[in-house]
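Novice: To start, I am sharing the structure in question, which I have written as structure tokens.
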Amino acid sequence: MKNVCRILSFMVLVNFVNISHAAEQNDLLKIKNTTQALINALVKEGVLSEEKAASLIADAKKKAENEAKEKEKKESTPEKGVVRIPYVPDFVREEIRQQVRAELHEDVVADVMAQAKNERWGMPDALPDWTRRFKFKGDFRLRYQRDSFSPDNHPLGYFDWQKINSSGGLDKAGEEAYLNTTEDVNRLRIRMRLGIDATITNNFKAGLRLATGNPDDPVSTNQTLGQYGQGYGISIDQAYLKYDYFNLDGYPSMTLWGGRIPNPWFSTDLVYDEDLNFEGLASQFRFGLDGGDDLFEQDERMRSLFLTLGVFPLQQSSRYTDKWIVGGQFGTDLKFEDQSRFKIALAYYDYKNVQAVPNTLGSRENDWSAPEWIQKGNTVARISNDVGETAATTRLVGLASDFNILNLTGQYDYAGFAPIHVIVTADYAKNLGFDKQEVSNLNGSEIDEQTTAYRAKFTLGWPIVSKFGDWQTFLGWRYIERDAVLDAFTDSDFHLGGTDAKGWVVGGKYGLTENTWLRARWLSTDEISGPLLGIDILQIDLNAKF
């Protein structure tokens with residue numbers, strides 16, 4: 001009985017003490033009511049008498065009131081230098097905390113949502129629709145190049161026909177009428193290209209690319225450093241529309257281009273320099289090859305035929321005869337289970353109206369037949385026939401031969417040692433448009449037929465060097481007779497551009513970091529039939545792609 005009384009006294013005391021701190025709290029009122037009900041139940045059961053119960057409650061209440069007064073007295077007379085903070089029960093502090101948090105949360109959320117709504121954060125159309133249609137890409141190359149000439153070279157062995165034509169004649173070009181064949185040259189050069197691909201629809205796209213370099217030079221985008229007196233030229237390198245038709249398997253079976261487009265042909269720089277772009281229209285059709293029952297053999301993406309057609313204006317005028325390239329290429333592309341690949345194609349390129357047409361005496365009617373760009377090597381013929389003009393004052397020249405080029409290109413990429421690949425590339429070209437009698441008459445002297453070109457290259461290493469540790473090494477041999485291909489469009493580095501050259505190319509690449517690599521090349525070349533011209537070229541390139 002004593003124990004029961006003690007427990008009840010303690011509960012009553014706790015109840016009133018807590019009530020004295022926060023009498024308005026519902027939770028404590030519940031505790032008080034529960035305690036009172038318990039006491040009443042004990043009285044009803046005869047455990048406590050009514051007098052005893054009343055005495056317990058009165059004692060507890062009096063004790064609680066005395067403690068409250070004592071605490072209030074202490075709080076009202078704080079010690080010197082002591083700051084007292086009124087006591088706030090934990091559940092009150094928690095309730096205040098939750099209330100402040102809720103109010104703050106609502107305010108912050110409202111502000112953030114308002115800002116997100118205005119700026120359209122995280123929404124599919126958060127940016128204007130046109131911005132999501134564009135993809136940017138580009139590359140940068142820093143090059144050191146040394147051109148070393150053989151001491152046996154003739155100092156005045158080769159005319160710079162491009163300079164002569166643009167200057168208005170041999171006499172007006174002066175010392176620049178001849179190409180440098182004796183003085184070694186060290187150069188630092190850069191190449192920068194920035195491209196934009198714009199998606200119009202899933203099948204229809206537009207492309208634009210800007211590049212450094214001489215806008216009059218179709219086969220080089222190099223900018224030689226050391227031009228403090230002038231800014232660098234930037235020109236539109238590519239500008240085109242492209243349409244892809246996809247078959248039921250989602251594989252593009254037809255592609256159409258229009259504008260200033262990338263090279264659509266499967267080719268090497270034997271015929272077309274890697275920087276050359278084409279102006280006009282092109283199309284490519286791909287046909288899957290039927291296989292057996294094996295799924296791999298039925299996959300047209302693994303084995304296919306392709307047909308590429310193109311028509312490109314070279315030089316157009318409202319007054320003169322237009323110049324064109326009309327070409328077609330047919331080939332096959334075979335991929336194997338080990339990622340090896342074999343590709344071969346036969347092409348025919350018909351150049352229209354590129355041959356020189358001499359003027360009558362005193363006329364300039366046929367000046368249009370001069371090429372807009374010429375490097376060196378092709379047999380030339382005089383177009384100008386001005387009054388009083390002599391061979392020493394020739395004003396304008398053009399190409400003596402017509403060009404109808406048959407080109408066979410093949411490449412086998414063996415991936416059996418993956419990730420290392422062994423790649424063999426071969427290229428052969430023959431100018432079927434050369435007519436010895438016609439060329440000799442235009443040139444004014446007998447010209448032998450030299451119309452064959454071929455190229456072979458062996459590559460070992462990673463097929464694409466794009467990250468640290470990737471490497472590649474290569475060795476190639478090239479032989480380009482004088483009128484085998486158009487000298488304006490062939491590689492601008494080999495023999496410093498043009499035809500009538502043979503020699504070796506050896507070098508390698510090494511990945512420095514992601515999308516950054518180093519390339520070094522040594523090109524050693526000699527003339528085939530012209531005046532002595534030996535050239536050794538060292539190129540060290542630091543490339544970055546983004």
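Novice: If you take the square roots of the eigenvalues of the alpha-carbon gyration tensor of segment 470-546 and sort them as a ≥ b ≥ c, do you get rounded (a/c under 1.5), prolate (a/b over b/c) or oblate?
Specialist: Judged from the Cα gyration tensor, segment 470-546 comes out prolate (a/c at least 1.5, a/b above b/c).
Novice: Further question on the same structure: Where does each of 330-340, 188-198 land if you order them by average Cβ count within 10 Å, highest first?
Specialist: Sorting 330-340, 188-198 by mean packing, highest first, produces 188-198, 330-340.
Novice: Right, another one. Given charges of +1 on the Cβ of Lys and Arg and -1 on the Cβ of Asp and Glu, with all other atoms neutral, how large is the dipole of segment 129-545 about its Cα centre, in debye to the nearest 20?
Specialist: Its charge dipole is roughly 1280 debye.
Novice: Just subtract the alpha-carbon distance of GLN339 and LEU532 from 0.36 nm times their residue separation and send over the number in nm, one decimal. Provide the component values of the computation, followed by the final result.
Specialist: Values: separation 193, 0.36 × 193 = 69.48 nm, distance 4.55 nm.
That works out to 64.9 nm of additional length.
Novice: A further question on this structure: Could you compute how fast segment 410-464 diffuses translationally, taking Rh as the Kirkwood radius over C-alpha pairs and applying Stokes-Einstein at 10 °C with viscosity 1.306 mPa s? Give it in µm² per second.
Specialist: Rounded, D is 112 µm²/s.
Novice: On a 30 Å Cα-Cα criterion, which of the cross-link pairs LYS135/LYS323; LYS335/LYS430; LYS205/LYS376; LYS137/LYS352 come out too long?
Specialist: LYS135/LYS323; LYS205/LYS376; LYS137/LYS352
Novice: Something else now. Rank-order 258-268, 137-147 by packing density, defined as the average count of other C-beta atoms within 10 Å over each peptide's residues, highest first.
Specialist: Those peptides, ordered most packed to least, come out 258-268, 137-147.
Novice: Moving to a separate point now. For segment 129-545, what are the per-bin percents of Cα-Cα distances with bins 20 Å wide, up to the bin holding the maximum?
Specialist: All Cα pairs considered, the percentages come to 22, 58, 19, 1.
Each value in this text was obtained by applying a stated rule to the coordinates, not by laboratory testing. Nothing here was measured: the structure is a model prediction, and the numbers come from that model. Positions of Cβ are generated from backbone atoms using ideal geometry, with glycine treated the same way; all protein chains shown enter the neighbour counts.
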